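The structure under discussion appears below in the form of structure tokens.
Just so it is clear, none of the values below were taken in a lab; they were calculated from the coordinates. Since the model is a prediction, treat every value here as computed from it, not as a measurement. With ideal geometry, Cβ positions are generated from the backbone for all residues, glycine too; neighbour counts draw on all protein chains shown.
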Amino acid sequence: PDSREPRSGLGFAWTGAPGLALTSLDKPAVMYAGGGGVAGEYTAGYRLASIAALPVEALTTAIMPRLFRAGAGRPLPRRTMLLLVAAVLAYGLVAGQLVGLAVPLVPLLLGEGFAGLVPLVALLGWWLPAYCLRSLLGNMLLGHGRKRARIGAELSGLVVLVSLLLWWVPAAGLSGAMKALLVAEWWIACVSLLLMVLAPADRSMKSGTA
């Protein structure tokens, strides 16, 4: 076997670390900055909205073999890539509105302690399309051999998220936490899109060495 294969596999394994950190470190940061009540409401809202993104995560998993072939020298037509991005964005916008309709039910299911989520429906509605785009574009970068680009985009978003949480949550509570999450997700989505548009596929991926 090629001696470079373990190094390549380790590189792919590391690509999941920033994404895992994004979904793990935000809760302790909210807890630290705003206390247990704010952290509980934040987590409930995040979990509810992320359920609506599961179809997009399933789609990106299903198309990964095609994305890897694209990175190996059989690129997707630009029109196909644009259609994928447009479809995921459209789904995220529609699903965000549906999540907005479901949020008022949270206090009925979990108790009045979670009523603070209801006024923040609009923020959750705009967070979901960003999350869906981030999921798709991150896997596009990965499939095209742009592992470092994906890690860099997500790490930069993590820095933005934690910084804004520590800044906004003490003053604005749950609203500050949701706004920080919204800004960070759109940051990652926009950076990933820029990298995908401007940067070609990794040459080493094309030659089968990545």
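The table below gives the values:
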{"item": "Cα centre as origin, Lys/Arg/Asp/Glu Cβ charges: the chain dipole, Debye", "result": "980 debye"}
{"item": "Percentage of interatomic Cα-Cα distances in the range 110-192 larger than 16 Å", "result": "56 percent"}
{"item": "Nitroxide proxy distance, nm - points 7 Å out along Cα→Cβ at Ala115 and Leu54", "result": "3.0 nm"}
{"item": "Alpha-carbon Debye profile of the chain, log10 I(q)/I(0) at 0.13, 0.14, 0.17 Å⁻¹", "result": "-0.74, -0.83, -1.11"}
{"item": "Cβ-based charge dipole, the chain, positive-most Cα from Ala102, Leu141, Pro18", "result": "Leu141"}
